[in-house]
Every structure is written in structure tokens, then in C-alpha cells.
Amino acid sequence: SNFRRVEALHCMGRACQLHVNPQAAQMYFSNALQVIERCGEHEKRAMAHIYSLVLGSLARCYENQQMFMESESLYLTLLSLLKEEPQENRCDIAATLNNLATNYCNSGRVEKAIEMFEQAMEMWTADSANNPLDVSTTMLNMGECLMQSCQYERALPLLEKAVAIKREGLPHEHFDVANALRMLSECCERVGEVKRATQLAEEALSIASSCLPRNHANIAVFISKLASCKHKTGKLDKAIQLTQQSISIYNLNLPASRSGLCTSLCNLGLYYQEKGMLQEAIRTLQECLVAQRSFLSPDHPSIGYS
């Protein structure tokens, strides 16, 4: 039957995602969607659940490849489908609004993203049966979006609430707690609360180190955050040491960690320059430029900056 074909194709796509094969996953999800679209309206309604799963999975595939217009179209289709049974699908509608908002944020449409995040928050908070951790995820995503548009004062209370919910609802040594603390640290640093930012970054790194392998790429992200805080407090030698450590970890996780590697190389070059180590600064910034050219287009603004 068509239902069994769609279900099998979706399962194959999920398996490809687990084995980090996004191209194959996209192919299976696209094929599943094509099968559904050839069905009549009555059969589509009977497959509403698997239809929504396919739409969401394919939308995330497109978003991960920065195909934002394609993913937006699928998220909007999914919303329309879910809103046919609004009471039954409240949680799924809120989650889809959150995903659509993230899509808008990643594509630079910040105001539209904030509008969608606010709608998601309203849906999460309107139903007392909703998991507070889901609400906190939307808070974090909205806070990150606000920071991208330099609205730090507006982002700060959202991130503080999200951290409080994560601490209450998760074990202390949980990656999501560490990541929320890292984001709050970033916001505190941006608003000038450097001492608090440093304390949060240290706690975030400690938790992340307890739940991830020592050389995991995400550990380098937390180390880089702490290095930035140390630099802001005038501890330049410590900032250099931490940034060198993050670079070593990023190098172990190439090519997936190229973007983080470039950021750390650039920061290290600037730290060397500030310390008066000009030869090291030039060498490091040249290394950063070579790394950027390996995956950015020639007209990307980061190339010109370096």
C-alpha cells in the first residue's frame, strides 16, 4: 500500500540521517513526499501522521543545507496540516512554529523569526500539560535570534529563564544545561557583565567536559567561549592558551569543524597581535585565510575581513 511505501521510505531516510548521509536521507524523504502527493485527498488524510513526519524531516534536511526557501514552504505546509486538528496537535504546532522561526532566523529574516517564536511561546505556555523543557528550547532559540540582531538586553531575561528551567528539569551534568549556560554567558559578555559571563562559561565547560568525550568538537566551542571571557577580563595569556587548545580539538574533527576552526584561528591571530607577537599573528591569520578559502566563496565577507 502507499502507506507502507511512505513509512518504509521515511524509515530509510531516518537511518541515513543517523549514519550522517544527508543526501541519501533527502532522497528518501523526497520520494516519500512524492508518493503522498500522488494520493487522493481521502488517502492523504488517512496518512496525516506519517505525512507530517515526512514534511518535517525533509524541511530539516533542506534547512541543514541552507535551502531556506524550500524548507519554509514545507514548514508552512506542515503547519496547515496540523492546524486541521488544532487542539489535538497543539504541541506539534508549537514545535513547528519554533522550527519555522529558526529557519527564518538562519536566513536573516530576524523580525519574522521573532514573530514566529512569540507564537510558539504562546502555544507552549497556554497548555499546562506541555513539557517546560520544550518551552525552554524555544526561549533559547529566540534568545539566540535576538542576540544575532544585537538585541542583547531583550535576549537576557529569556536566556535566564531557559537556564532556570533546564537546571530544574534535567540532571546537572547534561549537555543541554551546559549549552544553555554557554548561551547565557555569551549574552552576559555582550551586555558587559564579564565577571558573570566568565563564571557561567567555566561552569558550562565543566559540565560539557563531564558528558562529552575530551576531544569532541563541541568541547572546543565551550573552550572558545571561556577564552573570549578571559580576554575580556585582561587575561590574555590564558585566552591564548585556551584558544590554542580549541584549535587542537577542531583540527581533530575536520571537516565538520571548519567554521569553528576559522573563528578560533582568527581570534588567536588577534590575541597575538594584541600581545605584540606580530610574526605569530601574521602566520595564524594566514592560516585562517587558507582554511576559509577551502569552504567559503571568494566573495564571502569573511575572506575580505581576514
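Read-outs: derived from the displayed coordinates by stated rules, not from any lab. Predicted model, so just to flag it, every value in this text is computed and none were measured. Ideal geometry is used to build each Cβ from the backbone, glycine not excepted, and the neighbour counts take in all protein chains shown.
Mark the label point 7 Å from the Cα of THR77 along Cα→Cβ and return the residues of segment 95-133 whose backbone N is within less than 20 Å of it. The answer is 95-104, whose backbone nitrogens lie closer than 20 Å to the label point.
Could you give the angle, 0 to 90 degrees to the nearest 10, between helix 90-106's Cα long axis and the longest principal axis of the Cα atoms of the chain? Here the helix axis deviates by roughly 40 degrees. Projecting the Cα atoms of ASN2, CYS91, THR198 onto the charge dipole of the chain (Cβ charges, centred on the Cα centre) puts THR198 farthest toward the positive pole.
Rg/Rh for segment 1-139 stands at 0.98; both radii use Cα atoms, and Rh follows the Kirkwood definition. Restricting segment 68-97 to GluC sites (Glu not before Pro) that sit in a DSSP loop and have at most 16 other Cβ atoms within 10 Å of their own Cβ leaves GLU84, GLU88. For the pair ARG167 and LEU212, a Förster radius of 25 Å applied to the C-beta separation gives a FRET efficiency near 0.85, rounded to the nearest 0.05.
Computed from the C-beta positions of MET69 and GLU160 and an R0 of 41 Å, the FRET efficiency is 0.75 to the nearest 0.05.
For segment 1-59 and segment 147-211, write down the distance between their C-alpha centroids in whole Å. Measuring centre to centre over Cα atoms gives 37 Å. Counting only lysines at least 8 places from LYS225 when in the same chain, those with an alpha carbon closer than 26 Å to its own are LYS161, LYS166, LYS195, LYS235, LYS238, LYS275. Looking at segment 29-136, which trypsin sites (Lys or Arg not before Pro) are in a loop (DSSP not H, G, I, E or B) and have at most 15 other Cβ atoms within 10 Å? Of the trypsin sites (Lys or Arg not before Pro), the ones in loops of segment 29-136 whose Cβ has at most 15 other Cβ atoms within 10 Å are ARG38, LYS83.
Assign one of three labels to segment 149-253, namely rounded, prolate or oblate, based on the Cα gyration tensor with a ≥ b ≥ c the square roots of its eigenvalues; rounded applies when a/c is under 1.5, prolate when it is not and a/b is larger than b/c, and oblate otherwise. Oblate, because a/c is 1.5 or more while a/b does not exceed b/c. Highest GNM mean-square fluctuation among CYS187, CYS145, CYS266, for the chain modelled with Cα contacts below 10 Å: CYS266. Pairs of alpha carbons in segment 13-80 separated by more than 14 Å make up 57% of all such pairs.
Computed from the C-beta positions of PHE3 and PHE175, the FRET efficiency with R₀ = 22 Å rounds to 0.05.
Projecting label points 7 angstrom from Cα along Cα→Cβ for HIS49 and ASP237 puts them 6.3 nm apart. Pairs of Cα atoms in the chain fall into 20 Å distance bins, from 0 up to the last occupied one, in shares of 27, 56, 16, 1 percent. At full extension, ILE282 and LYS195 could sit 28.3 nm farther apart than now, given 0.36 nm per residue minus the alpha carbon distance. Set Lys and Arg Cβ to +1 and Asp and Glu Cβ to -1, take the dipole of the chain about its Cα centre, and tell me which of MET69, GLN148, HIS216 lies farthest positive. Sorting the options by dipole projection puts first HIS216.
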